[in-house]
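Q: Right, I'll just put the structure down here and ask away after.
Each value in this text was obtained by applying a stated rule to the coordinates, not by laboratory testing. Just so you know, these numbers come straight off a predicted model, no measurement behind them. Every residue, glycine as well, gets a Cβ built from its backbone with ideal geometry; the counts of neighbours run over all protein chains shown.
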Amino acid sequence: MNEFKFVKSFLVSGLAVMGLLMSACGGAEGPPQPPPPAPPEYADKHMPAGYWNNPEVLKEGEAIFTGQQNIDVNCASCHGKDGKPVKAGARDFRRTEQMQLYSDAVWFWRVSEGVPSTKMKAWKSKLSEDAIWKVIAFEASFGLKGKEYDVAKGQWVPAGTAGSGPAGDAPAAEAPAAAAPAGGEPEKAAE
């Protein structure tokens with residue numbers, strides 16, 4: 001009789017542990033939760049004009065994301081080359097319903113400063129602001145392909161339809177500079 005209780009207890013404990021592991025790996029994700037708002041020092045940071053869906057920017061963002069440009073930075077090692085996480089707890093960039101809750105400012109803040117109580121590191125010491133924007137543009141292509149963040153509306157909209165309000169360092173109506181490195185931004189962090 002004692003053996004039966006032991007086996008029953010062992011099986012119940014094992015099932016509980018399996019349930020916890022599955023939920024930690026994303027097997028039981030609930031409804032998407034909005035992130036906290038960006039702190040004041042990040043609230044006014046927005047994607048440079050012409051970066052969303054720009055093939056040149058996306059190509060450079062992919063090189064950074066996959067570690068081709070800087071061996072110390074490889075977002076794909078956790079988030080997967082296609083935005084599907086390969087490590088438990090990493091954000092799934094393919095989940096449109098979750099990713100559309102992030103403004104460009106919040107995304108920039110999270111990449112720059114990391115996420116407390118997670119394995120997401122701060123990357124501002126390894127990447128310039130321009131490089132971070134390029135990575136974000138690339139990451140957005142997984143679950144928000146063909147969209148851009150409209151700062152005035154505070155939401156994701158089809159590419160090319162964002163208002164002409166404050167949207168980065170230049171007016172939204174400007175054409176993208178395909179080969180311009182960093183859009184002429186003078187501020188660069190040490191890489």
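Q: Report the full-extension gain for the segment Gln155 to Lys121: residue separation times 0.36 nm, less the Cα-Cα distance, to one decimal in nm.
A: Computed gain between Gln155 and Lys121 is 9.6 nm.
Q: For the stretch 27-59 and the stretch 96-125, what is the centre-to-centre distance using only Cα atoms, to the nearest Å?
A: Centre-to-centre distance over Cα atoms comes out at 8 Å.
Q: Looking at the P(r) of the stretch 35-166, how many percent of alpha-carbon pairs lie beyond 24 Å?
A: The calculated P(r) of the stretch 35-166 puts 20 percent of pairs beyond 24 Å.
Q: Also, quick follow-up: Name the residues whose placed amide hydrogens come within less than 5 Å of the amide hydrogen of Gly80, ignoring near sequence neighbours (fewer than 5 apart) on the same chain.
A: Val86
Q: Another question about this same structure. If we count every other residue with Cβ under 13 angstrom of Thr118's Cβ, Lys/Arg +1 and Asp/Glu -1, where does the sum land?
A: Spelling it out: positives minus negatives among the neighbours equals +4.
Q: Counting only residues 5 or more places away or on other chains, whose amide H sits under 5 Å from the amide H of Trp156 once H atoms are built in the peptide plane?
A: Asp150
Q: What is the sum of charges around Ala159, taking Lys and Arg as +1, Asp and Glu as -1, for the other residues whose C-beta is under 12 Å from the C-beta of Ala159?
A: With Lys, Arg at +1 and Asp, Glu at -1, the neighbours total 0.
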